[in-house]
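The following block contains the structure, expressed as structure tokens.
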Amino acid sequence: MRDLKPAIVQRVQDGPPAHVWTPVDLLDLGNRPAVDKVLQRLVAAGQLQRIDRGLHTTPRLNRLTNQPAGADFATRMELQKPRAFGRLPMCPRSSARQDSRLRSEWEKLHARR
């Protein structure tokens, strides 16, 4: 079995600069617990930035402060797209999530984007 860490680092380096990576994107390289552990170690080493649970991107420095910057606008917009397992962005009102009619309207609105 090949080493998982170099394979994940190579995949991230070869990908688009502001791409948001999930463990599901890397499952062809290894099993889920191994991928999760490598991602955790890459974040601790500063090679990846954790945006949210299961969402990672390459870190970048702020041009003005030379400090690590948060996710840029393009990355945040990509987070609005349905990600792993076909999840939709969270509905703004919890009652709307439970009402099937409003849920279908919410899905139609976000399907157009």
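Can you list residue pairs whose Cβ atoms sit under 9 Å apart, with the first residue in the range 56-84 being in the same structural domain as V24 (by TED's automatic domain parsing) and within 18 Å of I8 (Cβ to Cβ) and the second being at pLDDT below 70 and assigned to a loop (DSSP other than H, G, I, E, B)? Count only pairs 6 or more apart in sequence or on different chains.
Close Cβ pairs satisfying both conditions: T57/A71; T57/D72.
Same structure again: So, in the range 1-23, of the ones that are at pLDDT below 90 and of a type in the set (A, V, I, L, M), which residue ends up farthest from T58 (Cα to Cα)?
Across the range 1-23, the extreme among qualifying residues is M1.
Looking at the range 18-32, which of its residues are surrounded by 18 or more Cβ atoms within 10 Å (Cβ to Cβ), touching a strand residue (DSSP E or B) at 6+ places or on another chain (Cβ under 8 Å) and assigned to a loop (DSSP other than H, G, I, E, B)?
Passing the criteria: only V20.
Now, a different point. If you take the residues in the range 33-57 that are surrounded by fewer than 19 Cβ atoms within 10 Å (Cβ to Cβ) and in a loop (DSSP other than H, G, I, E, B), which one is nearest to the chain's Cα centre (by Cα)?
For the range 33-57, the residue satisfying everything is G54.
Is it the case that P33 is assigned by TED's automatic domain parsing to the domain that holds T57, farther than 13 Å from P59 by Cβ and free of Cβ contacts under 8 Å to residues at least 24 places away in the same chain? Break it down into steps so the answer makes sense when it comes.
On the way: assigned by TED's automatic domain parsing to the domain that holds T57: yes; farther than 13 Å from P59 by Cβ: yes; free of Cβ contacts under 8 Å to residues at least 24 places away in the same chain: yes.
Yes; evaluated as a whole, the condition is true for this residue.
The values are calculated or read from the model by the stated rules, or taken from the named source; none is laboratory data. Everything quoted here is computed from the prediction, not taken from an experiment. Cβ coordinates were reconstructed from backbone atoms using ideal geometry, including for glycine residues, and neighbour counts include every protein chain displayed.
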